[in-house]
Structures are given as C-alpha cells and as structure tokens.
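Before any comments, here is the structure.
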Amino acid sequence: MMSTILLTQAGPIPKRTGKVRDIYDLGDRLVLVATDRISAFDWILPTGIPDKGKILTAMSLFWFEFLGETKQIISIDLADMGDEFASQPEVFAGRSILVRRTEVFPIECVARGYIAGSAWSEYRRSGTINGVPMPAGLREADPLPEPIFTPATKAPQGTHDENIPFEEMIQIVGHDVADQLRARTLDLYQRARDHAEQAGILLADTKFEFGELPSGEILLVDEALTPDSSRFWPADQYAAGQSPPSYDKQFVRLWLESVGFDKKSPPPAIPDDIVDQTRRKYLEAYQRLTGKKWNS
C-alpha cells in the first residue's frame, strides 16, 4: 500500500508509522490504518502481501464484535474520518478504523495456552516461563496445565519486546491495573480459544493491548487475534513435540532463513510464490475463524 500525506486547512495530519500500521492523529480520535507491510526478524520487508491490511482489519473487527469489546471503535466509514480519507478510497478503504484515543499501557498482555516461541526457549534453559516454574517434561507445543499470563514491555521499532515478571508489570502500571489486565487477557484468550477450536484451529498464544480513557475506563485497543498478534495452528496438523505449521508469516521467515538472511542487513524482496502462499494462509485463517468468505 502506498504512503500518503494528508492535508487539512490547518496543515498535515500528524502520522506515526509502525511496522504494519499507520496511525493518523485527529486529536481525541485516531485513524488506524493496516497496511500490506510485513515484518520478520524485526525488519520490515520491501515486499508487501496484497490485501493483508484489509484481512487483518476484517479479522480484528470480527473479534472485537465477538468478544463484546467494541468501545474503542467509532466508525469504519471513511466519510466519518474526514474528506482526506474519503477522497482516497484506494488507499484507505477496508483497512482503516476510526477509534477513540486512549492512553495505552506500555505492556504487551500475552496469554499462552501452549508452550512455543520464547516460552519454549526459556523453558528449555531453566524450566520456567517468565520466571515461573513449570512442570517437568513438557515438550515443544505441549498444552500448558492451564493458560498463563506472560506480560512483556513494548519495545521500540527494530528491537524485541522483553518478557517481564508480573511483579515488574505491577511497578509499571500499579497493582489494580495489573490485576485487571491479567484477568481480562486470560478471559479474552479462553473465549477466543474455544471459538477457534470449533473452527479446527488451536490458539497457542496471543497478545493484547489496552488503553485508558480520561474517565478511567480501560478498553481493548489496537488489533485483536490476528495472525500478526497470535499463534494459530491447524488442529489437524498439530502434534506435540514439534513446531506445528501456523497461520502467519511462517513462509516468509522460513524463506529468509533458506536464503541465508543474516538478520543484520536489510532483507531481500520476497519472491511471488512466497507472497502468494503467505496471502493464502492469512485468507484461510480469516475464513475459517470468521466463517465468512473473503470478497475483495
């Protein structure tokens, strides 16, 4: 998706650019725009995945509605965002959400139901996850005895999020907020996991972000339960003891490793077949989880 500068009579609309999203600042409101950019190993790749931003937006909207967490959302109508957006539907349509502005807590709220990723790496070293002892003998991709909450600090672009103990999260946001975010994260995870299982998909882990309104109300913000923020596994290909295939940018990561990408230099362009396979995985996840056909 091309970049654009939006102008009003007062001048350009302030914009922040993340790995995947562009955020336009309208004062007490924000416009979140999901681009087709894709990142891997903390790099934004030079090749995008067609329709990825629209797929992620549609999936988040489904989950916000399913989970009853729609208070962040004001509108998905470009006309409500302003003439600057409505006049460029080829750039913004289907990938933009007008939301209420909140003070976002600087914490990635992660729920895990299976042992994978950084949790598996830590467990192999020390038998713990986020410093908490786990049962002996767990294998990669094993289900945990019960879902756990593993917070992380939000890292600047180009660096990794850092897992932190819950006690450190309390020091950052306070005891009451930490307790609330943990409880809400685990509740959202378990409801989403149950729905995904009915669609033949295992939700291994996911991360949420929360923000606070001036009134003190805490809202689920940003995205929700997309392949960019979650580890989804097809249930019929799952086997404990090995890393299952997943509905995300796995094809891109594996391809980068196969061509000897050193993770220190800018990544190469993605070949068409890898782009196509990655797009089809995002689409399959959307269609299976939402029960809707993709029309774009």
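Please treat every number below as a calculation from the coordinates, not as lab data. Just so we're clear, the structure is a prediction, and the values are computed from it rather than from any experiment. Glycine also receives a Cβ, built like all others from the backbone with ideal geometry; neighbour counts cover every protein chain displayed.
Give, rounded to the nearest 20 debye, the magnitude of the charge dipole that the chain has about its Cα centre when Lys and Arg contribute +1 at Cβ and Asp and Glu contribute -1 at Cβ. Can you show the working numbers first?
Numbers: 33 positive and 43 negative charges, 114 e Å.
Charge dipole, the chain, about its Cα centre: 540 debye, nearest 20.
Taking a point 7 angstrom from the Cα of Ala86 along the C-beta vector, which residues in segment 31-57 have backbone N less than 17 Å away?
Of the residues in segment 31-57, 31 have backbone N under 17 Å from the label point off Ala86.
Sorted by average packing, counted as other Cβ atoms within 10 angstrom per residue and highest first, what order do 78-87, 59-68 take? Could the numbers behind the result be given before it?
Values: 78-87: 16.3, 59-68: 17.9.
The most tightly packed comes first, giving 59-68, 78-87.
Taking neighbour counts of Cβ atoms within 10 Å as a proxy for exposure, in what order, fewest first, do Glu167, Glu284, Glu223 appear? Numbers along the way, then the final one.
On the way: Glu167 10, Glu284 16, Glu223 24.
By the 10 Å Cβ count, ascending, the order reads Glu167, Glu284, Glu223.
Return the distance in nm (one decimal) between the two label points of a simple spin-label model at Arg124 and Thr153, each offset 7 Å from Cα along Cα→Cβ.
Going by the 7 Å Cα→Cβ label model, 2.6 nm.
Find which of His175, Pro133, Ile164 sits farthest along the positive direction of the dipole of segment 104-248, computed with +1 on the beta-carbon of Lys and Arg, -1 on that of Asp and Glu, about the Cα centre.
Positive-most Cα among the choices belongs to Pro133.
Taking 7 Å along the Cα-to-C-beta vector as the label spot, tell me the Phe66-Ala93 distance in nanometres, rounded to one decimal.
Computed distance between label sites Phe66 and Ala93 equals 2.7 nm.
Working out 0.36 nm times the residue gap between Phe166 and Arg100, then minus their Cα-Cα distance, what length gain in nm do you get to one decimal? Present the calculation step by step, with values, prior to reporting the outcome.
Details: separation 66, 0.36 × 66 = 23.76 nm, distance 2.79 nm.
Roughly 21.0 nm would be gained on extension.
Sort 34-46, 268-280 by packing, meaning the average of other beta carbons within 10 Å per residue, with the highest value first.
Numbers: 34-46: 18.7, 268-280: 15.3.
Most protected by this proxy first, the peptides run 34-46, 268-280.
So which chymotrypsin sites (Phe, Trp or Tyr not before Pro) in segment 207-296 are both in a DSSP loop and have at most 14 other Cβ atoms within 10 Å of their Cβ? Show your work: numbers first, answer last.
Details: sites: Phe208, Phe210, Phe232, Tyr238, Tyr247, Phe251, Trp255, Phe261, Tyr282, Tyr286, Trp294; in loops: Tyr238, Tyr247, Phe261, Trp294.
When the chymotrypsin sites (Phe, Trp or Tyr not before Pro) of segment 207-296 are filtered for loop state and at most 14 Cβ neighbours within 10 Å, Trp294 remain.
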